[in-house]
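Visitor: One structure follows; several queries about it will come next.
The values are calculated or read from the model by the stated rules, or taken from the named source; none is laboratory data. Model, not experiment: these values are computed from the prediction. Here the Cβ positions follow ideal geometry from the backbone for every residue, glycine too, while neighbour counts run over all protein chains shown.
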Amino acid sequence: MILDDFRKITLLDWLKNDLLLTVNSCEPASSDASFRRYFRITLPEQQLIVMDAPPDKENIRQFIKVAELLRPSNVNVPTIYHQNLDDGFLVLEDFGTHSFLGKLNPDNATELYGGALDSLLKLQANTDINECALPHYDEALLQRELGIFEDWFINQSLGIEIPAALWDSVRNILVTSALNQPVTCVHRDFHSRNLMVLHDNSIGVIDFQDAVIGPVTYDLASLLRDCYISWPQQKVGLWMAQHYQKLKQVGIISCDLPLFTRWFDLMGLQRHLKAIGIFSRLNLRDGKSGYLNDIPRTLSYVMAQTQAYPELDGFHDFLQGHVLPKYQDLK
């Protein structure tokens, strides 16, 4: 807390004495699963967002790089007005207080998801993956992410182990499916908490600093099988198929819909396993227990997909027989 207060004092000193801004108020705007914090500052004629990203824990240069990459793609990312690389501060455009998650309801879901999918298509179709110099979502990264599920959820949270041969088989199925897909720019956290609904109902995109070049279905699965809100499978299937058609029209994919659906399902499964591991790690390592509330929904996605594919029968049985009972005991 003392360190956090010191950083806020340093931040305000930079704003007032270096940038010569008249700061009438500085209030917490949000925080996330990382070490970043956000403040909303009120100036005489406008409000802005200030990112506090400790340089020893966060890389704001990558945030700046990806923002500059996505803006020419017509993805609506916040303008960066001022930067302090040494201390880890950025002054950003304020996208307001209406998150995609907060605005969603059954009456406006089709409209809002339409806008989000349009933003995703711009990101995928307009970003030149040959020139963007982003890291690749390669096998090593996919395997590391799956390791988070095994380590933090299965081993540390539940205190059990997955049979090695079974886990090797699951990882091989998921990694092979991911690597067989066409690649695009991938936001990597394109979901309802990282999208904002602006005053004109357009979609603003935030938290994009971890972008990579990776599987075409990754962001789609992140959005439509969201860890923070779920929709009936019929709606999800319709939205997925509509995006599939648009990807086909712009030449990003040429596969048939059943193969694309398989990619989408297995990519979602990979992401959900990783997310469960991350939620567990946030609780055990960082003391952020609130993310435990998102495990049941995420685990339900996992159970649905492992049940849908015969080659995952063994994993489904393991989850049903060992993981779910142990997890219920913890709740």
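Visitor: Could you say whether any residue in segment 80-89 is out of contact with any strand residue (DSSP E or B) (no Cβ under 9 Å at 6 or more places or on another chain) and aliphatic (A, V, I, L, M)?
Guide: yes
Visitor: Out of the strands (runs of 3 or more DSSP E) lying entirely within segment 1-88, which hold 3 or more residues that are under 24 Å from L120 (Cα atoms)?
Guide: none
Okay, residues lined up against (1) of a type in the set (S, T, N, Q); (2) under 19 Å from the mean Cα position of the chain (by Cα); (3) modelled with pLDDT of 95 or more:
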residue	(1), (2), (3)
G147	no, yes, yes
S157	yes, no, yes
P163	no, no, yes
L166	no, no, yes
I173	no, no, yes
V197	no, yes, yes
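Visitor: A further question on this structure: Could you run through segment 97-117 and say how many residues are closer than 21 Å to V66 by Cβ and surrounded by fewer than 16 Cβ atoms within 10 Å (Cβ to Cβ)?
Guide: 0
Visitor: Taking the stated definitions as given, is L121 within 22 Å of I253 (Cα to Cα), surrounded by 13 or more Cβ atoms within 10 Å (Cβ to Cβ) and of a type in the set (A, V, I, L, M, F, W, C)?
Guide: It is true that L121 is within 22 Å of I253 (Cα to Cα), surrounded by 13 or more Cβ atoms within 10 Å (Cβ to Cβ) and of a type in the set (A, V, I, L, M, F, W, C).
Visitor: Being acidic (D, E), within 21 Å of L224 (Cβ to Cβ) and in a helix (DSSP H, G or I) narrows it down to one of E111, E150, so name that one.
Guide: Just a single option satisfies the conditions, and that option is E111.
Visitor: Oh, and also: Assess whether S254 counts as being in contact with a Leu (Cβ under 7 Å, 6 or more places away or on another chain) and either at pLDDT below 95 or among the polar types (S, T, N, Q) (or both).
Guide: In short, no.
Visitor: Could you tell me whether L312 is in contact (Cβ under 8 Å) with a residue 60 or more places away in the chain and farther than 14 Å from F149 by Cα?
Guide: Spelling it out, L312 is indeed in contact (Cβ under 8 Å) with a residue 60 or more places away in the chain and farther than 14 Å from F149 by Cα.
Visitor: Scanning for something buried (at least 18 other Cβ atoms within 10 Å of the Cβ), modelled with pLDDT of 95 or more, among the small types (G, A, S) and in a helix (DSSP H, G or I), does segment 280-303 turn up at least one residue?
Guide: Yes, there is a match, as at least one residue in segment 280-303 is buried (at least 18 other Cβ atoms within 10 Å of the Cβ), modelled with pLDDT of 95 or more, among the small types (G, A, S) and in a helix (DSSP H, G or I).
Visitor: May I ask you to say which residue of E58, E27, E45 is of a type outside the set (G, A, S) and surrounded by 14 or more Cβ atoms within 10 Å (Cβ to Cβ)?
Guide: Only one candidate qualifies: E58.
Visitor: Kindly list, by first and then second residue, each pair from a residue in segment 243-259 that is assigned by TED's automatic domain parsing to the domain that holds S222 to a residue that is in a helix (DSSP H, G or I) and of a type in the set (A, V, I, L, M), limited to pairs with Cβ atoms under 6 Å and residues at least 6 apart or on different chains.
Guide: H243/L117; H243/L220; Y244/L257; K246/L121; V250/A125; I253/L247
Visitor: I'd like to check something: does segment 79-101 contain any residue that is more than 23 Å from the chain's Cα centre (by Cα) and more than 30 Å from I213 (Cβ to Cβ)?
Guide: Looking for residues that are more than 23 Å from the chain's Cα centre (by Cα) and more than 30 Å from I213 (Cβ to Cβ), one finds at least one in segment 79-101, hence yes.
Visitor: Name the residue, out of L324, L266, L273, that is surrounded by 18 or more Cβ atoms within 10 Å (Cβ to Cβ), assigned to a helix (DSSP H, G or I) and out of contact with any Ser or Thr (no Cβ under 7 Å at 6 or more places or on another chain).
Guide: Only one candidate qualifies: L273.
Visitor: Could you tell me which of the residues Q270, Q320 is over 21 Å from the mean Cα position of the chain (by Cα), within 23 Å of A164 (Cα to Cα) and in the same structural domain as A116 (by TED's automatic domain parsing)?
Guide: The match here is Q320.
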